[in-house]
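First up is the structure itself, then whatever we jot down about it.
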Amino acid sequence: MNTIYIISKYLTIIGSVLKGFWEHLFCRIIGIPVSDARYLQATELCGHVEHDFTKKKLQAFLICVLPGIMNVLFGLGMLVGGYLGLFYLRPQVSEAIFWIYAVMLYLGISLMCNIAPLYEDALNNWDLLYGKNSKANIVAKIFAFIPSVLALVTAWLEKNAISVLLYIIAVVLGIVLL
Amino acid sequence: MAEDNKEKSLDEILPEEEATVPEEIEKPEQESGDNWSWDAAVQTDIGELTVENLTAKAEETSKEKDVEETAEEKEECGTCIVCGKSLYGSSSELYCTDCCAKFLKTQYGVGHIILAFVMVIVAAVSYFICASTFDISSKVMAAQTSFNERRYTDAISNCDEANNSVSTVNAGVSAVLGSVSENLSATQIFTYGTRTEKIIVESMAQTLSISYSDRDTFVEAVDGIYTAEALALPKNAKIKACYDFCKTMDSISETVSTKWQGFIFNEDGSTKEKVQFDEALKYFDTVEIKTDAEKSVIEYYKFMTAYYADKPSDVVLKYYDNAYTLAGDFSYMFLPSYLGVAWENEAYDKVLELAGVAIARNSNDTSAYYYTIKTYILKKDFTNADVFCERMKKADPDGLDYYSIKAEILRRENKLDEAVAMCKKGIEIGTDVEIYRQEAIALMLLDKSKEAYEAVKQAYDTTLQNAYSGGNVSLETLNTAALIAKLTGEETVYNEIADVFEQQGMEFEDSVKKCIKGEITFEQIFMEGKGEV
């Protein structure tokens, strides 16, 4: 599974590197020590940085969601524009816009496949907010619920390279159905 | 203060060398009551008890305790995963204080910073492209919906809007790129894509008429979009069939048209006094035809021959019906003109039947609605006329025909004021010759001849403007304008129109001439029968 994960990260190399960069950036801003800032490595840390396993709820939550939000902000326009242009409008291959849409789609998928935190970070965040010994107040729990669930789900999907698979299926459906 | 109290207390305990044991110290002996020699113990200890000694001893004990506790805590804290030092005092659970301080400043890679900056620019450009694509796609989606709902005219109109959006975006992009380099000023990046082309072609195929220009535009569009291989694909079977039918029509027309014209027209282009109907039919029988499509075209030529030969309605309609039936899947191409022919030949039931077929095929077919409404008006079935009028508005919300035809219904119902109001409503929305004409007729019937003349003058002027700009001239409008001008004593306009008719070798309609002569009334023309001039 680790090999598939690493392959998926290398397939979406731009998003992986950028996600690693955002994690690094936000770790420094939030004040979480980063011991290994190699964004690309053939381990489960590929596309991430090795950082402290914080026990502060806010830090854990922010480092789970902020880097992903950055990739979503960057990638959503590329993904929607590329997908719509390529599979709905369907320009001809000989037209420049076809290749622009193709690049946009790749970059969009690349970024959107790298929006999740490490699965351990997502679990840590969940434990701090909703675990047995959690002292988080109800407002924080409500506010952070959906992002935390999304972080957990997307982290699991990314961990198993399912997110890449889903986007590949979406592209195939776009080619066949639209 | 605490120090002072301490000293004071010690002074009280140890005032002299032979100090007495205070009462408080005696208490333990009294309470315990064992063999412990409290006095002896006190004597022994007292010898070493000075303020300095006690303080130093207390500090020493505290330090010892601290060292023991710290060692225990350090053991409990664990070690840094990087350097192996104790995590004691570190805010991290993984790194020691030193490592933490170092890792809080881990440097970014230069390449990564550059990548992030590049991605910011790429993302900004992508959002622009995405917004533009979304704008174009939304119009294409509307076109697709219209197409699926058999509103083919709307579908083509939506595709035109998509094309306008593409042009606008490309103009903006060219302007920006042109400011960078002149070579880039003609760059056309955005297109509306092959889906739009397909919608246009399929909509055109569904709204084709038998006119040569329509067929030619369609054939050109197909040639431009599809390769021969692509056209042969099963998914394009309908387009190919339509394309082939148009080609067949062209081919037969090319074969027979020159010969056929010889039976109908003189060399100067005027219609022969006696059209050679029988000769033409004999000629058509000699033409080699194999398919129904070819037969259909020949029948259409027979219809035109009968039409020019002024044959009876049933003969004319028979040939057209043959052409319509033989065309099979493409009989709809004959529908628009068949409606007109049936209307002219007063086959009103046929008009309703054909209009029903036309509307079922293309709910945007306003001419089918128009003929249906006119037929219901003629049958004095104003309820159904009104129903179809509203359906026409629904099918073409921006169309101005609704106001003129609605005004006609109201006029026929003798609701003249409402008819005028309806016309005024239509005029507020847009300029239309027929609305002015309908207003003029209604005002004339209301005996408001001055206003009627003003309205019909507007209709006349507008139709002239249309003529100057290459548009069609409505003979109905000219006849109505001449009639109202004559009846209201506006001889100048009447004479002007009469001159136009004379120059073109035409005459006013019989009903107009009769009305001017006083043989029939204005009401008889516009409130009875077809109501046409």
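The values are calculated or read from the model by the stated rules, or taken from the named source; none is laboratory data. Since we're looking at a predicted model, the values are computed, not measured. FYI the Cβ positions are ideal-geometry reconstructions off the backbone, even for glycines, and counts take in every protein chain you see.
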Review point. Does B:Gly109 satisfy being surrounded by fewer than 21 Cβ atoms within 10 Å (Cβ to Cβ), more than 23 Å from B:Asp398 (Cα to Cα) and either away from chain A (no Cβ under 14 Å) or touching a residue at least 60 places away in the same chain (Cβ under 8 Å) (or both)?
Key: no
Practice item. Six or more apart or on different chains, Cβ under 6 Å: which pairs go from a residue in the range B:212-235 that's under 22 Å from B:Tyr332 (Cβ atoms) to one that's among the basic types (Lys, Arg)? Could you list them? Key: B:Leu231/B:Lys240
**Study point:** Leading residue by the ranking (nearest to A:Ile100 (Cα to Cα)) among those in the range B:183-218 that are within 9 Å of chain A (Cβ to nearest Cβ) and in contact with a Lys or Arg (Cβ under 7 Å, 6 or more places away or on another chain)
**Key:** B:Gly193
Revision key, fill the gap. A:Leu73 vs (1) touching a residue at least 12 places away in the same chain (Cβ under 8 Å); (2) out of contact with any Cys (no Cβ under 8 Å at 6 or more places or on another chain): all pass except (1)
**Study point:** Residue that is small (Gly, Ala, Ser), in a helix (DSSP H, G or I), surrounded by 16 or more Cβ atoms within 10 Å (Cβ to Cβ) and at the interface with chain A (Cβ under 10 Å from one of its Cβ atoms), where the choices are B:Ala142, B:Ala124, B:Ala116
**Key:** B:Ala116
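Can A:Pro117 be described as more than 24 Å from A:Ile146 (Cβ to Cβ) and either surrounded by fewer than 20 Cβ atoms within 10 Å (Cβ to Cβ) or touching a Cys at 6+ places or on another chain (Cβ under 8 Å) (or both)?
Taking the combined requirement at face value, the residue does not satisfy it.
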Practice item. Kindly indicate which of B:Leu487, B:Leu483 is modelled with pLDDT of 90 or more and touching a Cys at 6+ places or on another chain (Cβ under 7 Å). Key: B:Leu483
Study note, to complete from the structure: Among B:Asp447, B:Asp499, the single one that is at pLDDT 90 or above, surrounded by fewer than 16 Cβ atoms within 10 Å (Cβ to Cβ) and either under 15 Å from B:Phe526 (Cβ atoms) or under 43 Å from the mean Cα position of the chain (by Cα) (or both) is B:Asp447
Review point. Restricting the first residue to the range B:245-258 and requiring it to be farther than 14 Å from B:Tyr283 by Cα, which pairs with a second residue that is assigned to a helix (DSSP H, G or I) and acidic (Asp, Glu) meet a Cβ separation below 9 Å and a spacing of at least six or different chains?
Key: B:Phe245/B:Asp329; B:Cys246/B:Asp214; B:Cys246/B:Asp216; B:Thr248/B:Glu294; B:Met249/B:Glu294; B:Asp250/B:Asp216; B:Ser251/B:Glu294
Review point. Quick one: would you say B:Gly426 is among the small types (Gly, Ala, Ser) and within 30 Å of B:Asp329 (Cβ to Cβ)?
Key: no
**Study point:** Test: A:Glu95 is surrounded by fewer than 24 Cβ atoms within 10 Å (Cβ to Cβ), closer than 26 Å to A:Ile6 by Cα and of a type outside the set (A, V, I, L, M, F, W, C)
**Key:** no
**Study point:** Test: residue in the range B:173-190 that is of a type in the set (Ser, Thr, Tyr) and touching a Cys at 6+ places or on another chain (Cβ under 8 Å)
**Key:** no
Check your understanding: For the range A:129-141, does any single residue satisfy the condition of being β-branched (Val, Ile, Thr) and at pLDDT 95 or above?
Key -> no
Point to revise | Which listed residue is more than 30 Å from B:Ile189 (Cα to Cα) and either modelled with pLDDT under 80 or within 59 Å of the chain's Cα centre (by Cα) (or both), from B:Lys85, B:Lys102 | key: B:Lys102
Exercise for review: Check A:Glu120 against each of (1) closer than 17 Å to A:Lys55 by Cα; (2) more than 14 Å from chain B (Cβ to nearest Cβ); (3) touching a residue at least 40 places away in the same chain (Cβ under 8 Å) and name the one condition it does not meet.
Suggested key: (2)
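Do you know which residues across the range B:386-415 are assigned to a helix (DSSP H, G or I), over 15 Å from B:Ser367 (Cα atoms) and among the acidic types (Asp, Glu)?
Listed by number, the residues that qualify are B:Asp386, B:Glu408.
Residues checked against (1) within 18 Å of B:Cys242 (Cβ to Cβ); (2) at pLDDT 90 or above:
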position: B:Asn266; (1), (2): no, no
position: B:Ser270; (1), (2): no, no
position: B:Lys274; (1), (2): no, no
position: B:Glu279; (1), (2): no, yes
position: B:Thr291; (1), (2): yes, no
position: B:Met304; (1), (2): no, yes
position: B:Leu317; (1), (2): no, yes
position: B:Ala323; (1), (2): yes, yes
position: B:Tyr332; (1), (2): yes, yes
Check your understanding: Just checking, how many residues over the range B:112-155 are of a type in the set (A, V, I, L, M), in contact with a Phe, Trp or Tyr (Cβ under 9 Å, 6 or more places away or on another chain) and touching a residue at least 40 places away in the same chain (Cβ under 8 Å)?
Key -> 3
Check your understanding: Are there any helices (runs of 4 or more DSSP H) wholly within the range A:1-101 with 2 or more residues that are of a type outside the set (S, T, N, Q), under 16 Å from A:Ala151 (Cβ atoms) and more than 8 Å from chain B (Cβ to nearest Cβ), and if so which?
Key -> A:13-30, A:57-83
Revision key, fill the gap. Being under 39 Å from the mean Cα position of the chain (by Cα), outside the structural domain of B:Asn148 (by TED's automatic domain parsing), surrounded by 23 or more Cβ atoms within 10 Å (Cβ to Cβ) and over 21 Å from B:Lys393 (Cβ atoms) narrows B:Ala327, B:Ala368, B:Ala355 down to just B:Ala327
Point to revise | Top-ranked residue of the range A:72-97 - restricted to ones that are over 26 Å from the mean Cα position of the chain (by Cα) and not polar (S, T, N, Q), ranked as farthest from B:Lys198 (Cα to Cα) | key: A:Ala96
Point to revise | Search result, residues across the range A:134-175 that are buried (at least 17 other Cβ atoms within 10 Å of the Cβ) and of a type in the set (Ser, Thr, Tyr) | key: A:Ser148, A:Thr154, A:Ser163, A:Tyr167
**Study point:** Test: residue in the range B:427-445 that is farther than 25 Å from B:Tyr370 by Cα and part of a loop (DSSP other than H, G, I, E, B)
**Key:** no
**Study point:** Criterion (outside the structural domain of B:Asn158 (by TED's automatic domain parsing), closer than 26 Å to B:Asp365 by Cα and modelled with pLDDT of 90 or more) met by exactly one of B:Tyr283, B:Tyr243, B:Tyr212
**Key:** B:Tyr243
